[in-house]
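Down below is the structure, laid out as structure tokens.
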2 protein chains.
Amino acid sequence: MEPLNLHEAFGSIDALWSPRLAARVNDTAVKLARVQGEFLWHHHEAEDELFLVLKGTLRLEFRDRVVTLNEGEMLLVPRGVEHRPVAEEEVWLMLVEPSSTLNTGNVRNERTIDRVEGV
Amino acid sequence: MEPLNLHEAFGSIDALWSPRLAARVNDTAVKLARVQGEFLWHHHEAEDELFLVLKGTLRLEFRDRVVTLNEGEMLLVPRGVEHRPVAEEEVWLMLVEPSSTLNTGNVRNERTIDRVEGV
């Protein structure tokens, strides 16, 4: 039972768009990700996904709207809802989602990360 | 799908030790709580509980150790582990735990909150 310092944890992440496991809470994963640029359109069939911005500004694009999340703001993306995260500058992101959640959701390509490493 | 601003959300919470629901992620709850003073010794039989300190310093007491969490630090308290949160000054806390989690765990007394309201 060691405390995790978020600032140090983000500092240890070198790859963008590569979520790292910070904690498991029963069947739920708390992940940390550094992101910048555009991700791909995808959805998660069965998993809700909570986005919490810890640094920077994230644009969450949906097919019918765009939601901007600044530092200290969060949004729940319900399962089944197509979304695309975009970050002009680097963003530090906390994700809360079922452990089964794949980063690219229903899409499988070179950005898919099958095995989420710990921080 | 409205973003939640954590600072505003904590500002809207008037009672101490009274977690409020900020989001549900499948069967998991993300809760916010303002705490100050001593809580009671308890454990959660089946639920892991993640503590993330967003303001202040929280002391998490266990039967065999004490862990201090400063702002930006988190700790996973595994199910079954007895703990007591203590905060000398006010702390803003984010909790990630199964929706079934009762704030007082295995104890039921006047501090038990059966119905968690939204923020």
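Here are some notes:
- Filtered residue count, region A:73-99, keeping only those that are closer than 20 Å to B:Ala9 by Cα and of a type in the set (Asp, Glu): 1
- Strands (runs of 3 or more DSSP E) wholly inside region A:1-58 that include at least 2 residues being closer than 23 Å to B:Arg79 by Cβ and either touching a Phe, Trp or Tyr at 6+ places or on another chain (Cβ under 6 Å) or modelled with pLDDT of 95 or more (or both): A:20-25, A:28-38
- Single condition A:Thr112 does not satisfy, out of (1) within 10 Å of another protein chain (Cβ to nearest Cβ); (2) over 22 Å from B:Leu76 (Cα atoms); (3) in contact with a Ser or Thr (Cβ under 7 Å, 6 or more places away or on another chain): (1)
- Unmet criterion (only one of (1) away from every other protein chain (no Cβ under 12 Å); (2) hydrophobic (A, V, I, L, M, F, W, C); (3) surrounded by 15 or more Cβ atoms within 10 Å (Cβ to Cβ)) for A:Ala15: (3)
- Of all residues assigned to region B:83-92, at least one qualifies as being buried (at least 21 other Cβ atoms within 10 Å of the Cβ), within 12 Å of another protein chain (Cβ to nearest Cβ) and either in contact with a Lys or Arg (Cβ under 6 Å, 6 or more places away or on another chain) or of a type in the set (Gly, Ala, Ser) (or both).
- Which listed residue is among the hydroxyl-bearing types (Ser, Thr, Tyr) and in contact with a Pro (Cβ under 7 Å, 6 or more places away or on another chain), from A:Thr28, A:Thr104: A:Thr28
- Failed item in (1) under 25 Å from B:His7 (Cβ atoms); (2) aliphatic (A, V, I, L, M); (3) exposed (fewer than 15 other Cβ atoms within 10 Å of the Cβ), with B:Ala46 passing the rest: (1)
- Candidate set from region A:22-43 (those that are more than 8 Å from every other protein chain (Cβ to nearest Cβ) and in contact with a Ser or Thr (Cβ under 6 Å, 6 or more places away or on another chain)); member that is farthest from B:Leu4 (Cα to Cα): A:His42
- Pairing residues of region B:75-101 that are under 15 Å from B:Val35 (Cβ atoms) with residues that are at pLDDT below 95 and surrounded by fewer than 20 Cβ atoms within 10 Å (Cβ to Cβ), at Cβ distances under 8 Å and at least 6 apart in sequence or on separate chains, gives B:Leu75/A:Met1; B:Leu75/A:Glu2; B:Val77/A:Met1.
- Single unsatisfied condition, B:Gly105 versus (1) touching a residue at least 60 places away in the same chain (Cβ under 8 Å); (2) within 14 Å of the chain's Cα centre (by Cα); (3) away from chain A (no Cβ under 13 Å); (4) surrounded by fewer than 18 Cβ atoms within 10 Å (Cβ to Cβ): (4)
- When B:Ser100, B:Ser18 are checked against the criterion of being among the hydroxyl-bearing types (Ser, Thr, Tyr) and farther than 19 Å from A:Ala23 by Cα, B:Ser18 stands alone in meeting it.
- Within region B:51-70, the set of residues being among the hydroxyl-bearing types (Ser, Thr, Tyr) and either facing chain A (nearest Cβ under 9 Å) or within 12 Å of A:Leu4 (Cα to Cα) (or both) comprises just one member, B:Thr68.
- The listed residue being in contact with a strand residue (DSSP E or B) (Cβ under 7 Å, 6 or more places away or on another chain), under 23 Å from B:Leu6 (Cα atoms) and of a type in the set (Asp, Glu), out of A:Glu88, A:Glu73: A:Glu73
The values are calculated or read from the model by the stated rules, or taken from the named source; none is laboratory data. From a predicted model like this one, the values you see are computed outputs, not experimental measurements. Every residue, glycine among them, receives a Cβ derived from its backbone with ideal geometry; neighbour counts consider all protein chains shown.
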